[in-house]
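A short worksheet on the structure shown next.
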Amino acid sequence: MLQRWFLATVTRRGLLLVITCCGLVLLHLISCSLNAPYPVRRPSSWANSPASEPEYQASLQELEERYQHYVSSLTKQISQLKEALALRSTQLRESLGHPAGEFLQGMEGNTLRGQIHLEEFLQSQLNRAEVHAGTKVPSEYALLPFESFTLHKVYQLEMGLSRFPVERPLRKDRREELIGTLEKALHMLNAPRDSDDPHLRKVYSPSDFIEGLYRTERDHGTLYELTFKGDGPEDFRRLVFFRPFAPLMRLGNEQVDASGVLVNVIVPLAKMADKFKRFMVNFRDVCIRQDGKIHLTVVYFGKEQLEEVRKILEMTARETGFKNSTLIQLNEDFSRGRGLDVGARAWKNGNVLMFFCDIDVVFTAEFLNSCRLNAEPGKKVFYPVVFSQYNPVYVYGHHAAAPPTEPVIKKDTGFWRDLGFGMTCQYRSDFINIGGFDASVRGWEVEDLHLYRKYLHSELRVVRATTRSLLHLWHSSACSDHLPERTYRLCQQRRATSEASHSQLGRLFFHKQIEEHQRLHGS
């Protein structure tokens, strides 16, 4: 393969040299003729009287003979150059049998060797990066999450000095990097293809860009996954790029059809019929009216308020015609992991994409598509980083209107729940093969973490990314006195984290000093 490539390169350069020489010779001959290096002898009668027709014909004949001579000379030179090129090609072909050290000498050899080393380096970076397959990591702290971006905003976990969970890229190089990747993707999508009808082929524009994911592994490079709208409402185009601290490499260009992917939303529940009613309001609008490819599985613990939950499901079925729901009742103490495990194993209609959901979250139809696009059986599972709402009392005030139930991503409205692993999209086959939830593991958020670590230790890719279309609503919480000391401290820290932002908590803590300052200054 290397020999064929080198011969092809030499041949191309030789032909280019021949064409260049021919052009230079032709230009030289034309220049010579314009400067009359071979002057045409005019009859003496031209100087004093008009030339006759025979004299014109004689002059033209002389010019034609001279140009025929020039053409013959040029043809001979081209023939000589071709012979020299053929001789050189023969010499190179014979030299291929010699050792590489003798063959790769001079500038050509150095150039070839440098290109081989560059290709080997790029391939090694690609092989080391977590692109096509997952890499086993020891714990949740070792996984490098993705950050997401749209045309105008980046939803980031590494908030830095600004402490903004979402912002327009402030650094010029970051803006140019993301814009350049998007332009590269659009250029590839719109590149002409022989099999396409130019009148029917879709022309992609920035408005077709839905969302991008990216993450940078410091010693490997940056991975980008860009999703575009396809020809239909449930047709998508996914492009994957890798920048191994070198020119951008295209790794994938696939069409993704999500039209037939059913999502089984599994919700474990105990009591809380009022919250379930609020959950079903969002479920009706998003899952039934907008998406339509949803099955709802409710795993209910105990009997208290069970009939209220059953009536809510029945009323939804009557009013919307939605029949794809299952209610499973367990006479056990509530366990989130147990409920999700039972709900997953209760499905008997083949493999299905599952969304492990909580009663305190709201989501959009866009999230359901993200769920379908970022989970693939046998290849990857999706663990979105949820934006968690702060206590509305501190954000919107005691007498303000009801807080929004759609994601409002600002640093004073909430935070990225980067240590929460309860919301996840995964296929049932992967869940069963990994062993599901461990029945012996019980505790506050321990079950979710244990399952997450199982996937980290497997060969599957874990897509961990900020998700702007999924919101965890604030709710009051209490830490049980029966928790172990370390777990109790973590629980209290989580409570403090979810109450308000750092500046809001500071205003609460120093409210007396602030009020005294306002009193003294009359403000």
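The values are calculated or read from the model by the stated rules, or taken from the named source; none is laboratory data. None of these values were measured; they are calculated from a predicted model. In this analysis, Cβ positions are derived from the backbone assuming ideal geometry, glycine residues included, and neighbour counts consider all displayed protein chains. These accessible areas exclude ligands, DNA and RNA; they are computed on the full protein's heavy atoms, side chains included. Shrake-Rupley method; radii C 1.70, N 1.55, O 1.52, S 1.80 Å.
For first residues located in region 279-292 and open to solvent by less than 30 Å² (accessible area, probe 1.4 Å), partners that are part of a helix (DSSP H, G or I) and lie 6+ apart or on another chain with Cβ distances below 7 Å form the pairs Met280/Ile312; Met280/Thr316; Val286/Ala365; Asp291/Ala365; Asp291/Leu368.
Taken over region 221-273, the residue count meeting the criterion of being more than 30 Å from Ala346 (Cβ to Cβ) and open to solvent by 50 Å² or more (accessible area, probe 1.4 Å) is 10.
Please work out if Arg442 is basic (Lys, Arg) and either closer than 24 Å to Ser370 by Cα or modelled with pLDDT of 90 or more (or both). Spell out the reasoning first.
Values: basic (Lys, Arg): yes; either closer than 24 Å to Ser370 by Cα or modelled with pLDDT of 90 or more (or both): no.
Taking the combined requirement at face value, the residue does not satisfy it.
In this structure, Arg201 does satisfy being modelled with pLDDT under 85, assigned to a loop (DSSP other than H, G, I, E, B), open to solvent by 30 Å² or more (accessible area, probe 1.4 Å) and not aromatic (Phe, Trp, Tyr). In the set (1) more than 31 Å from the chain's Cα centre (by Cα); (2) more than 18 Å from Thr424 (Cβ to Cβ); (3) open to solvent by 50 Å² or more (accessible area, probe 1.4 Å), Ser325 fails one condition alone, (3).
Within region 176-184, is even one residue more than 18 Å from the chain's Cα centre (by Cα) and at pLDDT 80 or above? The answer is no; no qualifying residue exists.
Restricting the search to region 469-478, which residues are touching a residue at least 24 places away in the same chain (Cβ under 8 Å) and in a loop (DSSP other than H, G, I, E, B)? Explain how you work it out, then say what you get.
Taking region 469-478 and keeping what is touching a residue at least 24 places away in the same chain (Cβ under 8 Å), we get 469-475.
Selection gives Leu473, Trp474, His475.
Residues in region 341-367 that are open to solvent by less than 20 Å² (accessible area, probe 1.4 Å), under 19 Å from His475 (Cβ atoms) and not β-branched (Val, Ile, Thr): 4 in all. Checking each residue in region 458-490 for being over 21 Å from Asp360 (Cβ atoms) and open to solvent by 70 Å² or more (accessible area, probe 1.4 Å) picks out Glu459, Asp481, His482, Pro484, Glu485, Arg486, Tyr488, Arg489.
With the condition kept exactly as written, say whether any residue in region 377-393 is outside any loop (DSSP other than H, G, I, E, B), of a type in the set (Gly, Ala, Ser) and at pLDDT below 95. Among the residues of region 377-393, at least one is outside any loop (DSSP other than H, G, I, E, B), of a type in the set (Gly, Ala, Ser) and at pLDDT below 95, which makes the answer yes. Only strands (runs of 3 or more DSSP E) whose full extent lies in region 209-312 are considered here, and the ones with at least 1 residues that are in contact with a His (Cβ under 7 Å, 6 or more places away or on another chain) are 263-269.
Filter region 491-510 down to the residues that are part of a helix (DSSP H, G or I) and open to solvent by less than 80 Å² (accessible area, probe 1.4 Å) and list them by number. Give the derivation first.
We begin by selecting, within region 491-510, every residue part of a helix (DSSP H, G or I); these are 491-499, 502-509.
Scanning region 491-510 gives Cys491, Gln492, Arg494, Ala496, Thr497, Ser498, Glu499, Ser503, Gln504, Leu505, Gly506, Leu508.
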